[in-house]
Amino acid sequence: MADSPLPPVDLDLRLVRSFTTVAEHRHFGRAAAALHLTQSSLSRQIARLEQQVGARLLDRTPQGSRLTDAGEVFLPLALAVLRSATRAAARARTAAQPSRIAIGYIGNLVVTPAVRELRQRHPGTEVRIFHLDWDEPRAALLDHRVDAAVARLPFPTDGLHVTVLYDEPRALLVPVDHRLAGKESVTLDDIADEPLPRALDPVWNAFWRADPRPDGSPAPDGPLIETGEDKLELVASGQAVALVPATARIGELRPDLTMIPLEGVEPSHVVLATRADDRSRLVTAFRKYAVIHFTEPR
């Protein structure tokens, strides 16, 4: 006999969001402050959600709160439900306002020529431009914060349509008084013992630290960074060297740093990424103009 379908459950998304906030803070007081609620109001919301779900999700402890076994199972699904709701609303707004597009870009990449042509050829279109951190493009696209993103690989591309615009050689960034400064070029062998900054993203680390090296040896660990500015300061202070896009022209803004061409490594790829299922005429048009206008800087 086939399994009978599960009865529908009407979950209040406001209560689900309150639960995920408590799960994030592991403390009712801090979660209530973040949600601009009183603790008693938040407690009532969690109780109502647990009634809707049919299971206890949180236990209070002297140290704060903790997820029950049911809460541990419910949390990732609850986060997925909230993301789906956000995307559904964003898609509905896009359908209702077809003459709007949001374009993201990461540092050192100029989108102006392609954006200008989009505005010229589609008068009346609202074009919004957003700067993204190096690790944001995929999340910004899937969360519908932007509809197109000009960025550098590598980053996860599942769920995305990616068009390579051009390749960028990589270079070594060092302080101006570094032993390698002034050389015509260097190889990975020249920096075999030089620490390189680390990020939390393993894909980023593999590419921008050349880790592991071709012989299988690990790249020497440098300090953990969160932003590009962190990396520049670490290099300038002599705590690390770094691999960077050769077109970044960092020395123009930081005279205490210099770049040296790096030989024997594959280039990075500058790409235009969009959602794989986005068939918007404006996204299609911007992709066309990006291919035309984005060329390797000289």
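Please treat every number below as a calculation from the coordinates, not as lab data. Note that the structure is a prediction, hence the values are computed from the model and not measured. In this analysis, Cβ positions are derived from the backbone assuming ideal geometry, glycine residues included, and neighbour counts consider all displayed protein chains.
Here the Gaussian network model covers the chain, with springs between Cα atoms less than 10 Å apart; of Asp278, Asp177, Asp167, Asp177 fluctuates the most.
Among the GluC sites (Glu not before Pro) found in the range 139-233, those both in a DSSP coil and sparsely packed, with 13 or fewer other Cβ atoms within 10 Å of their Cβ, are Glu184, Glu226. Between the range 59-136 and the range 168-238, what is the separation of their alpha carbon centroids in Å? Here the answer is 31 Å between Cα centres. At 25 °C and a viscosity of 0.890 mPa s, what translational diffusion coefficient does Stokes-Einstein give for the range 13-91, taking Rh as the Kirkwood radius over Cα pairs? Give it in µm²/s as a whole number. Estimated diffusion coefficient is 194 µm²/s. One chain, two ends: Val291 and Ser217. Fully extended at 0.36 nm per residue, the span grows by 22.9 nm beyond their Cα-Cα distance.
Modelled spin labels at Ala276 and Leu180, positioned 7 Å past Cα toward Cβ, are 3.7 nm from each other.
Going by a ≥ b ≥ c, the root eigenvalues of the Cα gyration tensor, does the range 170-265 fall in the rounded group (a/c under 1.5), the prolate group (a/b larger than b/c) or the oblate group? Oblate is the answer for the range 170-265, as a/c is 1.5 or above yet b/c matches or exceeds a/b.
Here the dipole of the range 170-265 is about 160 debye; that uses its Cα centre as origin and unit charges on the Cβ of Lys and Arg (positive) and Asp and Glu (negative). Label-to-label distance for Arg26 and Glu263 is 5.2 nm, based on points extended 7 Å past Cα in the beta-carbon direction.
Between Ala70, Ser280, Pro220, the Cα set farthest toward the positive side of the dipole of the chain (charges on each charged residue's Cβ, about the Cα centre) is that of Ser280. Look at Thr112, Thr157 and count the other Cβ atoms within 10 Å of each Cβ; fewest to most, that gives Thr112, Thr157.
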